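Below: the structure, in structure tokens.
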Amino acid sequence: MSMQWYTGRTPHTLQNMRAAEKEMWTDVITRSFTTIQLILDTKPGMLKTMIEGTYPGRGEEVLQATREL
């Protein structure tokens, strides 16, 4: 199955989804996009900023643990 085939049919699928399903779909796409950005480091410093916001003052500790994984 090609990506064009998949994306060409996605809007029709979304039109038939209920509100809760659309919300879940959007959540999955958003999380996937963010994960790709973090893995590929397309926005340098994004991971550090997110960690500092979640774990204030422990950012370096969390980043070190992440590097060890």
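The values are calculated or read from the model by the stated rules, or taken from the named source; none is laboratory data. Given the structure is predicted, the values throughout are model-derived calculations rather than measurements. FYI the Cβ positions are ideal-geometry reconstructions off the backbone, even for glycines, and counts take in every protein chain you see.
Go through the residues of region 19-27 one by one and say whether even a single one is modelled with pLDDT of 85 or more and at positive phi.
No, every residue in region 19-27 fails to be modelled with pLDDT of 85 or more and at positive phi.
Would you check if THR7 is among the hydroxyl-bearing types (Ser, Thr, Tyr) and either touching a strand residue (DSSP E or B) at 6+ places or on another chain (Cβ under 7 Å) or modelled with pLDDT under 85 (or both)?
Spelling it out, THR7 is indeed among the hydroxyl-bearing types (Ser, Thr, Tyr) and either touching a strand residue (DSSP E or B) at 6+ places or on another chain (Cβ under 7 Å) or modelled with pLDDT under 85 (or both).
Restricting attention to region 55-69, which residues are assigned to a helix (DSSP H, G or I) and either of a type in the set (A, V, I, L, M, F, W, C) or at pLDDT 85 or above (or both)?
Start the filter on region 55-69 by keeping residues that are assigned to a helix (DSSP H, G or I), which leaves 59-68.
Listed by number, the residues that qualify are GLU61, VAL62, LEU63, ALA65.
Answer with yes or no whether ASP41 is on the phi > 0 side of the Ramachandran plot and under 15 Å from the mean Cα position of the chain (by Cα).
yes
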